[in-house]
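> Once you've had a glance at the structure underneath, I'll fire off some questions.
The values are calculated or read from the model by the stated rules, or taken from the named source; none is laboratory data. Computed from a prediction, not measured in an experiment: that's the story for all the values here. We place every Cβ from the backbone using ideal geometry, glycine too, and count neighbours over all the protein chains shown. For accessibility, only protein heavy atoms count, side chains too; no ligands or nucleic acids. Shrake-Rupley method; radii C 1.70, N 1.55, O 1.52, S 1.80 Å.
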Amino acid sequence: CHMRVMSHEADLCVVGGGLAGMCTAIAAARQGARVVLMQDRPVLGGNASSECRVGIGGADRGGAIQHVRETGIIDELRLETLYRNPNDVYSLQDTVYYERVFLEPNITPLLNCTCQSVVMDGPRVASITGWQLTTETEHTVRARVFADCSGDGILAPLTGADFRIGREARSEFG
């Protein structure tokens, strides 16, 4: 059995297709960057997807005196979802996310693709390799810049960078 192997060249590779990763990929693509978006799940949106069902709320604060809300691409996603999905059906919300990414010509989305290894060039990430289970394909992405927008910060341990799990002690930083 021979597995497929594919290579991708990009200006930016985003690991993680939650809201942060989607917004990063869309913003860069709209500025003309060639983007590869690697997401280890079958849907986009992370916690806001049909898998987790935590809506787009973010930094919103309401009240009689002041109302603050996030704007930009995150608000585009929210407003399109409200328009097309007034009954708050999460599987319909997934279609909004899917369209925004898949219809952007400068984004190559890799769903169901888990980032598994990194090749370093000195202190810089040169490429990452992911495994796409659904197609039995190994994807290698070379990019000028890599953004770790994954929920678990996968690139730090794969690159050998210092990282922390959990909170620091108060005595450590005051």
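> Give the accessible area for Cys52 in Å² (nearest 10); use a 1.4 Å probe, count only protein heavy atoms, and leave out ligands, DNA and RNA.
Answer for Cys52: close to 70 Å² accessible.
> Run the numbers for Leu92 and Glu9: contour at 0.36 nm per residue of separation, minus the present Cα-Cα distance, in nm.
In short, 26.7 nm is gained.
> For Cys113, what residues show an amide H to amide H distance below 5 Å, using hydrogens built from the backbone and excluding near sequence neighbours?
Amide H neighbours of Cys113, under 5 Å, 5+ apart: Gln39, Asp40, Arg41.
> At a threshold of 8 angstrom on Cα-Cα distance, excluding pairs fewer than six apart, so keeping six or more, what relative contact order does the chain reach in percent?
Reported as a whole number, the value is 30 percent.
> Under the rule that an exposed site lies in a DSSP loop and has at most 11 other Cβ atoms within 10 Å, name the longest stretch of the chain with no GluC sites (Glu not before Pro) of that kind, not counting the sites themselves.
Between exposed loop sites, the widest span is 1-135.
> In degrees between 0 and 90, to the nearest 10, how far off the longest principal axis of the chain does helix 90-102 point, with axes built from Cα atoms?
With both axes taken from Cα atoms, the answer is about 50 degrees.
> Also, I was wondering about something else. Let me have the relative contact order for region 109-156, percent, based on Cα pairs under 8 Å that are six or more residues apart.
On the way: 62 pairs, mean separation 13.7, N = 48.
So the answer I get is 28 percent.
> Still on this model: Between Ser50 and Gln116, what FRET efficiency follows from the Cβ-Cβ distance if R0 is 22 Å, with the result rounded to 0.05?
About 0.30, to the nearest 0.05.
> May I pose another question? Based on the mean of other Cβ atoms within 10 Å per residue, sort peptides 35-44, 144-153 so the most packed one is first.
Details: 35-44: 24.5, 144-153: 17.6.
Listed from highest to lowest mean packing, they are 35-44, 144-153.
> Also, quick follow-up: Tally the DSSP beta bridges in the chain and give the antiparallel ones as a percent, rounded to 5.
If I count the DSSP bridges inside the chain, around 45 percent turn out antiparallel.
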